[in-house]
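First the structure, in the form of structure tokens, and then the observations on it.
The values are calculated or read from the model by the stated rules, or taken from the named source; none is laboratory data. These figures come from a predicted structure and were not determined experimentally. Here the Cβ positions follow ideal geometry from the backbone for every residue, glycine too, while neighbour counts run over all protein chains shown.
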Amino acid sequence: MLIAGFWAAFTFVENEKLLDGVVAVAGTLLVAPLLWAGRILAENSRSTGDDASELLAKAAEALAKEASALYRERRGNRRLDQTERPVPVRWAWAHQEGVGLPEAVAGPGAVVGTPSFAVLPGAEAASPDTLNEGELNELFDVYAGIRTGRMAVLGELGSGKSAAAVLLAVKALAHREGLGEAADRAQVPVPILLTPYGWNPGRQTVDEWLAERLVSDFKTFRGHRFDPRTPTRLINEGRIALFLDGFDEIDRGKRVAALEALHGLSRRVRVVIFSRSEEFTQALHTQPLSGAAVLELQPVAAETAADCFADWQTAGLPPRLRERLAEHLWAQPHGVLGQALSTPLMLTLLRDAFRGMDAQEATAVVDRLLSPSEFTTVEEIDDYLLDRVLPAAYPPSRPGVRTPYSRDQAERWLGLIAARMTAHGTPELAWWQMHEWASASWRIVGGVIGGGLAAGLASALVSRFTDDLGERTVIGFLPASVVGGVLGLATAIVTERRATRVTFPGGSGEARFNLGMGLMAGLAVGSAVALTVGPASGPATAATVGLAAALTAGTATGMAAGGEGLPPPHFASDPNAKSVQRFLGRLIAGSPAGLAAGIPAGLAGGIPLGLAQGTQRGLGVGLAIGCAYVLAFGLLDGFTRITPDQDSPVGPLSGWDQDRRQGLATGLVFGLAMGFAAGLTDALATARHDPLGVAVPVGLITGVVIGAVTGTAAGLTVSNSWRTAVVFVQLWAQGVVPLRAMRFLDDACKRQVLRETGPTYQFRHTRLRDRLTVLAGEQEI
């Protein structure tokens, strides 16, 4: 089609500038609908060549492997795999209003009117007796043995719900892995432990949210190894189980809708809910969860807490002090201290409070805890132990052992972070969403100024190094700064807003439109075409054709980049593959966006030039420019789609590093391709009136400068870490975080103040976050 278009134009059209523009505009305007239709056909006819059930089985196995590594790591971070005696938490059937009896879940008629799931292979069917009470490690027997597929684990603040969720997920995955037959493993769903972060039940179905979280939290689905619809198919076929930790963190007005959505999901997927008792039972009054096994974690008896202290080898706590604590709890099990230590949270906080203390300091703490007049309420002891978390985590520096942050610094920064999280109503800290904590206006202004200065400097450099090479006109500093400011504005807006959704008339729903790629393609193609056509056909034709090319390339590229793309070869995301293979795999994945930008650029740039200066020159320039843009935007989109290092668990710091590498790689390949196109265009224009020895250096200088500027813009546009780094500067100026905030957050995680939950951070305990918010006092939120 492209060759035929060139041939027809060059054969039947004379050197008429009006027809120049008509042909170029008509050719470019045909591209968007053709590419859109091609994309729909490609998506509808997508075929992987493998049986669908086999692919789902492979996806489930890959997901199970990644989830197992992730949850084992969380178990280690929470010190739940330590060899010393764990806190022996027990559970019992929740005898609360709205909760039925064990016979309604595990009795003879239990499955009437409720979903019916098979008992998991290798497990025994649950009975009413097994549901009455048990130890923490027996939660799996309930999960695997009930046929209703619905389960809830309730408890008060600090009772160990999150720990129970992690341990249950690890045991369920270990049980699945231990089944030798693939057919048996296929009957055991992969447990997915999530918090309700990002779910608004009023705006998004639970299926949509769950599918999105599978993609965001697990790299299994990011490398185009599996069809983009695979997460949804796993959900629909019940190959995963949802472990929802923190149901109580959902807004109060949305909990009933959330429970209703989970009730519907549990007809296809096993669902286990972890929640505070009061919040769950309130929602249960309005929206019953029929057939659910509702269990409640029990308080830790003072005698049990005493036994733990007698057995633990607590760092910083001499044996005689451990014995004093244990003897007090045995003697006064119903005292204030015994009541305060009735949850695993407070028990472990007391254990960890002695880290870094000498014997004298530890003695003072124990004396204070055991003094009858020091603490009169449980809340006072709770606050005291919570206030000991940061001193224990950030001890004073000693000779040879330096603490990177003082306790005062940590208390201030963590307190303000906790206050911002509370003010924004989010229990999880996602670094890529911290831009909401600071005004975007200053970042956009900075983008305009930065873009203007960069373009002006580029113009000055090109002028400085090419003035003596031949007769040519270079855009001045001021006009270049204006153009650069516009590009900076577009880049800043795109960086702040990313992708958006648009609805096409007559379509079958929503289609994603990548605004960032669309704007960048439009600006790049339009300016390149105008500069190529202008010297040969005049400014009017250049403006007309450039505008048409910009609109077409921007629209087509935005649509193509917003679609699913093409499934690349498996080696595209294989860390063991050669660099050339991974490079080509990314180009294949992004080729629809590359073609969407390259075809309009080649047609609009080559046809007018060929009509004015001959077929050979027009065809050569059109193909060169078109190929350069195919390469640039194909790689840009491909690098954006495929995440490197697919086999490592997702974490906040690894996600930050990957985003930086992705931005750098994207900017590099985009800058190389755009520099080539710009250098070629300038060299050809110069060659019209200067020898080749002048044209080549001019093209090289232009290509290097333009490539550096556009590559930087592309890298910043796709980078979340860049935007967040600017936000860190804003927050540092306000005193909220240190300048190297990610380093501080990672250090706080290593010190057991924060914890990783997939790609986000959480405070180790909700009570700790609330306490730090209070301590932040009157700090500005």
Quick check on the stretch 296-310. Is at least one of its residues in a helix (DSSP H, G or I), out of contact with any Lys or Arg (no Cβ under 8 Å at 6 or more places or on another chain) and under 20 Å from S162 (Cα atoms)? yes
Which members of the stretch 420-446 meet the condition of being without any contact (Cβ under 8 Å) to a residue 60 or more places away in the chain and touching an Asp or Glu at 6+ places or on another chain (Cβ under 9 Å)? H424, A440, I444
Provide a single number: the residues in the stretch 583-633 that are surrounded by 23 or more Cβ atoms within 10 Å (Cβ to Cβ) and not in a helix (DSSP H, G or I). 1
Given the options T286, T281, T205, T304, name the one that is under 28 Å from the mean Cα position of the chain (by Cα) and β-branched (V, I, T). T205
Given the conditions (1) polar (S, T, N, Q); (2) outside the structural domain of E756 (by TED's automatic domain parsing); (3) buried (at least 17 other Cβ atoms within 10 Å of the Cβ), which single one is not true for T422? (2)
Would you confirm, using the coordinates I've provided, whether A410 is farther than 25 Å from W199 by Cα, touching a residue at least 40 places away in the same chain (Cβ under 8 Å) and assigned to a helix (DSSP H, G or I)? yes
Members of the stretch 132-152 found to be in a loop (DSSP other than H, G, I, E, B) and over 14 Å from V272 (Cβ atoms), listed by number: N132, R147
I'm checking my understanding of the structure. Among residues of the stretch 664-682 that are modelled with pLDDT of 80 or more and closer than 12 Å to L716 by Cβ, which one is farthest from the chain's Cα centre (by Cα)? G671
Can you pull out the residues in the stretch 732-753 that are surrounded by 21 or more Cβ atoms within 10 Å (Cβ to Cβ), out of contact with any helix residue (DSSP H, G or I) (no Cβ under 6 Å at 6 or more places or on another chain) and of a type in the set (G, A, S)? A748
Do we find a residue being modelled with pLDDT of 85 or more, closer than 16 Å to I417 by Cα, part of a helix (DSSP H, G or I) and among the aliphatic types (A, V, I, L, M) anywhere in the stretch 749-759? no
For the stretch 379-409, give me the residue count where each residue is closer than 18 Å to F309 by Cβ and not acidic (D, E). 5
